[in-house]
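The values are calculated or read from the model by the stated rules, or taken from the named source; none is laboratory data. Values in this document were obtained by computation on a predicted structure and should not be read as measured data. Every residue, glycine among them, receives a Cβ derived from its backbone with ideal geometry; neighbour counts consider all protein chains shown.
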Amino acid sequence: MTLPKPHRAAPRPAAPTASRVRAMLALAALAGPGLVPAVAAAHAVLVASVPATGGSVDAGPVAVTLRYNSRIDRGRSKITLLRPDSAAERLAVEADGPADQLAAAATLAPGAYTLRWQVLATDGHITRGDIPFTVAPPNAAMPGAGPAPARTAGN
């Protein structure tokens with residue numbers, strides 16, 4: 001009579017070494033963006049603006065352009081201008097233009113302003129943000145520049 005052989009458990013894999021762990025983390029970091037579902041990547045993130053965040057524009061008519069990393073629903077998105085006196089004015093968003101941009105216009109006097117935006121991305125998620133900027137007097141001299149020298153009859 002033969003007895004069955006005792007069952008042997010499969011050998012356990014060796015614990016990963018520090019260098020192997022670092023290599024796996026580096027690979028995950030490189031592949032990470034490709035592993036994120038497309039829906040999560042579609043949130044509208046502001047990538048450029050005119051005026052720029054913290055920037056300055058001359059007083060008068062100012063064209064506002066906000067560009068995002070994905071398509072947005074222009075009809076359900078908005079731009080609100082916060083004036084120096086804290087008054088809020090909703091700007092009319094232009095109906096036409098690239099699918100990833102909002103555009104509007106306003107006539108601005110010198111002072112500190114904020115553009116408050118809210119957009120609905122085509123993935124159905126709303127994102128919001130603020131863009132503070134300054135409006136300088138028209139043709140303002142550059143900081144540190146003195147007045148132009150006076151002309152004399154001999155010049």
Margin query: Here are the criteria: (1) out of contact with any Gly (no Cβ under 9 Å at 6 or more places or on another chain); (2) part of a loop (DSSP other than H, G, I, E, B). Tell me which single one P84 does not satisfy.
Written below: (1)
Next item on the list: Would you please list the contacts, defined by Cβ atoms under 6 Å and residues six or more apart or on different chains, that run from a residue in region 41-58 that is over 24 Å from L120 (Cβ atoms) and hydroxyl-bearing (S, T, Y) to a residue that is at pLDDT 95 or above and surrounded by 13 or more Cβ atoms within 10 Å (Cβ to Cβ)?
Entry: S56/T134; S56/A136
Next item on the list: Would you mind stating whether A99 is surrounded by fewer than 18 Cβ atoms within 10 Å (Cβ to Cβ), in a strand (DSSP E or B) and of a type in the set (G, A, S)?
Entry: no
Next item on the list: Tell me which of these V119 doesn't satisfy, since it passes every other one: (1) touching a residue at least 60 places away in the same chain (Cβ under 8 Å); (2) aliphatic (A, V, I, L, M); (3) surrounded by fewer than 16 Cβ atoms within 10 Å (Cβ to Cβ).
Entry: (3)
